[in-house]
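The values are calculated or read from the model by the stated rules, or taken from the named source; none is laboratory data. Source: prediction; values computed, not measured. Neighbour counts are summed over all protein chains in view; Cβ atoms, including those assigned to glycine, are modelled from backbone coordinates with ideal geometry. Please note that ligands, DNA and RNA were not included when accessible areas were found on the heavy atoms of the full protein model with its side chains. Shrake-Rupley method; radii C 1.70, N 1.55, O 1.52, S 1.80 Å.
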Amino acid sequence: MIGPVPEAASGDNSALLARKAVAATKVRVAKMFLADGWLQTALKLEHRPGQERMARAVAAALGNDEALIVEAGTGIGKSLAYLLPGLLLAQETKRPLVVSTHTIALQEQIFKKDLEICRTLFRAVPELKPFADFLATVLVGRANYLCPQRLARALQTRADLFERALHDDLERIVDWSLKTSDGLLEELQPPPHYDVWEAVNADSSSCNPKTCSPDTCFFQRARSRVRKAHLVIVNHSLLFSLIHAGAGPETDARGILFPDDFVVLDEAHRIPETATDHFGARLSSFGLDRALHALYHPKTRKRLPRPTRLETRPHPRHDRPRRRQTLF
Ligand SMILES: Nc1ncnc2c1ncn2[C@@H]1O[C@H](COP(=O)(O)OP(=O)(O)OP(=O)(O)O)[C@@H](O)[C@H]1O
Ligand code: SF4
Ligand SMILES: [Mg+2]
């Protein structure tokens, strides 16, 4: 679990309110998870000491903006142990909670099962009622959304864009575009040909939200849901590619993906491979050999010409704004 770097204590009213919110959350979390607590009385769930310990530790870590690593046996109920404190604190402090998973199966479990349990509990306990209307959404990359503008253009120019065999896929997308409410690629079964989807998805350098209405743009609607959500579910791969592309808050604001967010990484044992994919460099003996031969080839005795002047490249941070817009 990772959290933003704490700010220096400001001593103002908002810091006092935040401390009160954290204290109230810790008390409520204790009342939920202890023996004969709300989980047992309102939902007839079991008292699980390991789960209680984890939930209390999560509430304290999120409240104090501290990092926490939890390793616990399978099936003890880790999801509820971070979702319940996280949802309370996100709403109390108006800071978004981001939960990242490795698998789609876990995203579905959280969205369809665990969040329902949280909502039922919040509704069942009078003290928790104000928290029952939380908003949760799943964040997916923009290439997963249909762009109606590009679809209209692709329809007009299909003869130049695709070979005849792909026209059926385009027709299928047109039919579906009239029915879908989310415009998400995963709804299209079987998936369309890669080239067709590439021509009609929302990941385009020509995208300009100012010229399109949110009423017709699936991506803008999804982005607006993400901005309002108390809980955003994401997968590790997208999270790390967004961080790598500089999609986080502007330079001085704290937060990982959104200003002032809390981030929980579930299935965290998969983080090293995902982080390596996005931040690492790969080196193979074949690639190294090829690069060295490009410099000087012993058989052909060819070598690279000396550069006549030094090439200057902008620092990667300089293209942050462009990338931010492209990805998010
Ligand atoms: N206190 C509880 N009493 C009864 N069932 C619970 C309780 N807490 C969670 N559960 C249920 O236990 C099951 C396992 O929960 P969960 O998936 O969160 O476990 P986990 O610790 O994350 O396991 P894994 O390591 O396999 O991911 C779920 O069906 C969940 O609804
Ligand atoms: S805002 Fe971008 S994604 Fe949305 S309809 Fe317009 S061009 Fe397409
Ligand atoms: Mg789990």
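Checking Ala21, Ala59 one by one, the residue that is in contact with a Ser or Thr (Cβ under 6 Å, 6 or more places away or on another chain) and modelled with pLDDT of 95 or more is Ala59 and no other. The residues of segment 171-205 that are assigned to a loop (DSSP other than H, G, I, E, B) and surrounded by 13 or more Cβ atoms within 10 Å (Cβ to Cβ), listed by number, are Thr180, Asp182, Gly183, Leu188, Pro192, His193, Ala202, Asp203, Ser204. Being surrounded by fewer than 19 Cβ atoms within 10 Å (Cβ to Cβ), under 30 Å from Ala152 (Cβ atoms) and polar (S, T, N, Q) is a property that does not hold for Thr276. The sole residue among Gly255, Gly287 that is on the phi > 0 side of the Ramachandran plot and either outside any loop (DSSP other than H, G, I, E, B) or modelled with pLDDT of 80 or more (or both) is Gly255.
Residues considered: Pro192, Pro209. Of these, the only one that is over 20 Å from Ala90 (Cβ atoms), over 22 Å from the mean Cα position of the chain (by Cα) and assigned by TED's automatic domain parsing to the domain that holds Leu161 is Pro192. Only one of the listed residues (Lys94, Lys113) is more than 23 Å from Glu267 (Cα to Cα) and open to solvent by 70 Å² or more (accessible area, probe 1.4 Å). That residue is Lys94.
Here Leu39 meets each of (1) more than 22 Å from Val232 (Cα to Cα); (2) surrounded by fewer than 18 Cβ atoms within 10 Å (Cβ to Cβ) with one exception, condition (2).
Taking the conditions exactly as written (within 22 Å of Glu52 (Cβ to Cβ), touching a strand residue (DSSP E or B) at 6+ places or on another chain (Cβ under 7 Å) and of a type outside the set (S, T, N, Q)), does Gly86 satisfy them or not? The answer is yes for Gly86. Scanning segment 215-230 for residues that are farther than 16 Å from Pro259 by Cβ and either assigned to a strand (DSSP E or B) or open to solvent by 70 Å² or more (accessible area, probe 1.4 Å) (or both) returns Asp215, Thr216, Arg221, Arg225.
Okay, residues lined up against (1) at pLDDT 95 or above; (2) of a type in the set (D, E, K, R):
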| position | (1), (2) |
| --- | --- |
| Thr137 | yes, no |
| Asp168 | no, yes |
| Gln189 | no, no |
| Glu198 | no, yes |
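Scanning segment 41-90 for residues being more than 16 Å from Asp114 (Cβ to Cβ) and not hydrophobic (A, V, I, L, M, F, W, C) gives a total of 14.
Matching residues to (1) farther than 24 Å from His269 by Cα; (2) more than 16 Å from ligand 3 (Cβ to nearest atom); (3) of a type in the set (Gly, Ala, Ser); (4) part of a loop (DSSP other than H, G, I, E, B):
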residue	(1), (2), (3), (4)
Gln51	no, no, no, no
Ile69	no, no, no, yes
Gly73	no, no, yes, yes
Tyr82	no, no, no, no
Ala90	yes, yes, yes, no
Ala105	no, no, yes, no
Glu108	no, no, no, no
Arg119	yes, yes, no, no
Arg123	yes, yes, no, no
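Each residue in segment 129-142 was checked for being assigned to a loop (DSSP other than H, G, I, E, B) and free of Cβ contacts under 8 Å to residues at least 60 places away in the same chain, and 2 pass.
Six or more apart or on different chains, Cβ under 8 Å: which pairs go from a residue in segment 106-128 that's among the small types (Gly, Ala, Ser) to one that's more than 16 Å from ligand 2 (Cβ to nearest atom) and assigned to a helix (DSSP H, G or I)? Could you list them? Correct list of pairs: Ala124/Trp38; Ala124/Ala42; Ala124/Leu43.
Do we find that Ala18 is away from ligand 3 (no atom under 16 Å from the Cβ), under 30 Å from Ile243 (Cα atoms) and surrounded by fewer than 21 Cβ atoms within 10 Å (Cβ to Cβ) in this structure? So Ala18 passes the test. Of the candidates Ser79, Ser100, the single residue that is hydroxyl-bearing (Ser, Thr, Tyr) and near ligand 1 (Cβ under 9 Å from one of its atoms) is Ser79. Restricting attention to segment 259-268, does a residue exist that is crowded, with 16+ Cβ neighbours inside 10 Å, assigned to a helix (DSSP H, G or I) and within 16 Å of ligand 3 (Cβ to nearest atom)? For segment 259-268, residues crowded, with 16+ Cβ neighbours inside 10 Å, assigned to a helix (DSSP H, G or I) and within 16 Å of ligand 3 (Cβ to nearest atom): present.
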